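Below is one structure, written out as structure tokens; comments come after it.
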Amino acid sequence: MVQAARPISPLATALTCRCPQCGRGKLFINLLNLRDRCDGCGLDYKFIDTGDGPAVFAIFILGFLCVGGALVAEFKFGVPWWMHVLLWGILTPLIAVFLLRFLKAGLIALQFKNKAEEGRLAKE
Ligand SMILES: [Zn+2]
């Protein structure tokens, strides 16, 4: 197993969506599907279990951005209703995918760094 020369920042791996161990291999296939293992160091990604964490954070952040943006667009610029539909209909899915990739990669990096896993009873 290849170790990075120095520890890799979870923020850096989250922003680049790379392997939390080596920082080279890609985490995702297509948009949000995880690979089976790292192409760079062979780290098995079976340990990854982010659950609903990325979605919860994405919902809160996306809701704040889109509702806030819609309120500013409506009351500061007075955009017509069809412009809201066009603007938020396009921006919301784009921001959601970006946020989900970033947050999922970030939580994976934090899980790897902190060795977080399901609790187990000690073996006798
Ligand atoms: Zn790797």
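Contour minus end-to-end for LEU94 and ARG35, with contour as 0.36 nm per residue of separation and end-to-end as the Cα-Cα distance?
Full extension from LEU94 to ARG35 adds 19.1 nm.
For q = 0.22 Å⁻¹, what log10 I(q)/I(0) does segment 10-114 give under the Debye formula with an equal point scatterer on each alpha carbon and no solvent?
Log10 I(q)/I(0), no solvent term: -1.06.
Please list the non-local residues whose amide H lies under 5 Å from the amide H of ARG24, H modeled 1.01 Å from N, same-chain partners needing a gap of 5 or more.
Result for ARG24 returns CYS19.
Amide H to amide H under 5 Å from LEU34: which residues, 5+ apart in sequence or cross-chain, H placed 1.01 Å off N in plane?
ILE29
Could you order peptides 85-91, 57-63, 98-104 by the average number of other Cβ atoms within 10 Å of their residues, highest first?
Put in order of decreasing packing, that is 98-104, 57-63, 85-91.
Below 8 Å, C-alpha to C-alpha, sequence gap of six or more: please give me the relative contact order for segment 9-68 in percent.
Here the relative contact order equals 17 percent.
Measure out, as a whole number of angstrom, how far apart the alpha-carbon centroids of segment 35-60 and segment 77-120 sit.
For segment 35-60 versus segment 77-120, the Cα centre distance is 14 Å.
If Lys and Arg each add +1 and Asp and Glu each add -1, what is the summed charge of the other residues whose beta carbon sits under 15 Å from the beta carbon of ARG37?
Local charge sum for ARG37: +2.
Apply the Karplus curve 6.51 cos²θ - 1.76 cosθ + 1.60, θ = phi - 60°, to the phi angles in segment 81-93 and return the couplings in whole Hz, x for Gly and Pro.
Coupling constants for segment 81-93: 4, 5, 6, 4, 4, 5, 4, 7, x, 8, 5, 4, x Hz.
Give the peptides 37-43, 78-84 in descending order of average Cβ contacts within 10 Å, highest first.
37-43, 78-84
Could you tell me which Cys residues in the chain have no other cysteine's Cβ under 4.7 Å from their own Cβ, answering none if every one has a partner?
CYS17, CYS66
In nm, to one decimal, how far is the LEU11 label point from the ILE61 one, both placed 7 Å along Cα→Cβ?
It works out to 1.3 nm between the two label points.
Counting heavy atoms of the protein chains only and a 1.4 Å probe, report the per residue accessible area for the chain as a whole number of Å².
Accessible area per residue: 71 Å².
Label-point separation (nm) for LEU87 and LEU71, each offset 7 Å from Cα along Cα-to-Cβ?
1.5 nm
Where the accessible area of segment 10-114 is counted over protein heavy atoms with a 1.4 Å probe, how much of it, in %, is carbon and sulfur?
Using a 1.4 Å probe with all protein chains present, segment 10-114 comes out at 70 percent carbon and sulfur.
The values are calculated or read from the model by the stated rules, or taken from the named source; none is laboratory data. It should be emphasised that the depicted structure is a prediction, and the values quoted were computed from it without experimental measurement. As a convention, Cβ positions derive from the backbone with ideal geometry for all residues, glycine included, and neighbour counts pool all protein chains shown. Please note that ligands, DNA and RNA were not included when accessible areas were found on the heavy atoms of the full protein model with its side chains. Shrake-Rupley method; radii C 1.70, N 1.55, O 1.52, S 1.80 Å.
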